[in-house]
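Structure first, commentary second.
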Amino acid sequence: MRNVISIDFDNTISTFEEYKGDTIIKGTPISDCVDYINLLFKRYKIIINTTRAKTVAGKKAVEKWLKKYNIKYDLITNERVPYDLHIDDRTLSFKGQWNSEFYNEINSFKSWNEYLNSKKNNLFLILLIGNINTGKSSYVDYLFNDINKHSIDYDELFEESINNRLPYENFIFNPKSKYISLVNIDLYKIINGGKVESYLNKRYIYKQVENNIIENSLKSNVNVLIDKRNYTILKRKKYINIANKYGAKVIGIDFGSGTSKELNKLENDSDIRLFSDIKKNYQKPKLEEGFYEIYSRRK
């Protein structure tokens, strides 16, 4: 017989800002919860415990939401049922003693998102979105003209990682300013010791270096701008998940799928093919993906 895990719904499985009724669920899955709940489902009986289930309509709304995101479970209820473990954003683990330490822990309690918001209310991850040759890089220069942006010496960073005998996947970068801008070509330089080379044979390393720079920046309360194409929902999801993990607000700046005028300015055949491919597969960013705000800079 499987052990039972009870899991709260709002702000534990689904993001949550404001209650507007049992049947109104505006949230999206909290980072990685789908994969891990489905992994737990293989070993445990999963009970979704939510006050929304006090009404038939509310229970059906939760069922519909879970089905939409392919989250597996055994039961949805608003009643207290026997369980072996309960997961909730508003619980404390009792350690066996009622004392001053536990009293203080109760008085200072904050849910995970309240804690992150209190620490990082003005922390941002900015995603540039759009085709090549649509003005993204020029906009970055404009945006950072009067902002304290960190200037990276990639050769120096590479040498530092070698001197400290850090494997690529553990590469750590601690920026010293308010913003850091990440561009593909800059990451090529980190991975290839200052040289601009293809990363096709080093994709795992590339992703690990990028992840570590983003995560270490957000941990240090440093805003991150991703100067890449980010033209599909899947490509954006990775960055949005990392931002959610550290309580950063995600800002999308959409440059669009590209115009015929921008295409005609390209001379290189490979750039023309790339432009056409991006235009074909471009997906317009939407707030439902997890964006705090989206700005359009389409011409």
(message) With θ taken as phi - 60° and the coefficients 6.51, -1.76 and 1.60, list the Karplus ³J(HN,Hα) couplings across the stretch 24-41 in order, rounded to whole Hz; mark glycine and proline as x.
(response) 9, 10, 9, x, 10, x, 5, 2, 6, 5, 4, 4, 7, 5, 5, 5, 5, 4
(request) Hey, can you grab everything whose amide H is under 5 Å from the amide H of residue 249? Only 5+ residues off in sequence or another chain; H modelled, so Pro and N-termini drop out. (result) 123, 124, 125
(message) So for the stretch 1-56, averaging the separation of alpha carbon pairs under 8 Å that are six or more residues apart and normalising by length, what relative contact order in percent results?
(response) 54
(message) If packing is taken as the average number of other Cβ atoms within 10 Å across a peptide's residues, how do 30-39, 88-97 rank, most packed first?
(response) 30-39, 88-97
(message) Residue by residue through the stretch 279-292, what is 3J(HN,Hα) from phi via Karplus (6.51 cos²θ - 1.76 cosθ + 1.60, θ = phi - 60°)? Round to whole Hz and write x for glycine and proline.
(response) 4, 5, 9, 4, 10, 4, x, 10, 4, 4, 5, x, 6, 7
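Looking at the stretch 1-72, which trypsin sites (Lys or Arg not before Pro) are DSSP coil and have at most 10 other C-beta atoms within 10 Å of their C-beta?
Numbers: sites: 2, 20, 26, 42, 43, 45, 52, 54, 59, 60, 64, 67, 68, 72; in loops: 2, 20, 26, 42, 43, 72.
Answer by residue number: 20, 42, 43.
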(message) Using each residue's phi in the stretch 269-276, evaluate 6.51 cos²θ - 1.76 cosθ + 1.60 at θ = phi - 60° and report the 3J(HN,Hα) Karplus result to the nearest Hz, with x for Gly and Pro.
(response) 4, 5, 5, 5, 5, 5, 4, 5
(request) With an 8 Å cut-off on Cα pairs and a minimum separation of 6 or more residues, tell me the relative contact order of the stretch 46-99 in percent. (result) 42
(request) Of all alpha-carbon pairs in the stretch 4-89, indicate the percentage at a distance above 18 angstrom. (result) 35
(message) Per 0.36 nm of contour for each residue apart, how much would the distance between residue 36 and residue 259 grow if the chain were fully extended, relative to their Cα-Cα spacing?
(response) 76.1 nm
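Any read-out appearing in this document is the output of simple, stated calculations on the displayed coordinates, not a laboratory observation. For clarity, every value in this text was computed on a predicted model and none was experimentally measured. Glycine also receives a Cβ, built like all others from the backbone with ideal geometry; neighbour counts cover every protein chain displayed.
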